[in-house]
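Read the structure below first, then the notes.
No value in this document is a laboratory result; all are computed from the given coordinates. Predicted, not measured: the structure shown is a model, and the values here were computed from it. Glycine gets a Cβ as well: all are built from the backbone with ideal geometry, and neighbour counts include every protein chain shown.
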Amino acid sequence: MNQLTKEIRNNRWAEIIIAASKSGLTKKEFCKQNGISRKTFYNYQKKLGLELYEAATQVQETPIVEVPVIRNAVASSSAAAVIHAGALTIEITDGISETTLMSIGRMIRNAL
């Protein structure tokens, strides 16, 4: 395979990976809805590097979400995960979307 063919194929897969990250679907759902082999999707995601995936997830606008702050709260038993970052505690419930979770991660990273 010549270099031009590789570049074209990699660019196409980069577009697919970006579309998947913007879709709000899980990768599994995205692949199923678009008739894409999950194995091939993950292989290209790995091949093209984590930097591409990170860049793709930052392309979309981060929604501004108002989060109520509760001081000295005890974690609820319904939380699927609790994140502690310094004085910050974030409870994640089972129904959270991947997009929202990624937005929260970016906000934490930017705040620290």
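Observations
- Sites ASN34 and LEU4, calculated FRET efficiency, Cβ-Cβ separation with R0 22 Å, nearest 0.05: 0.30
- Among residues other than LYS6 with Cβ under 13 Å from its Cβ, the summed charge is +2 (Lys and Arg +1, Asp and Glu -1).
- Extension gain from ASN11 to THR100, taking 0.36 nm per residue of separation minus the Cα-Cα distance: 29.4 nm
- Which of ILE17, ILE96 has the fewest Cβ neighbours within 10 Å, and the rest in rising order: ILE96, ILE17
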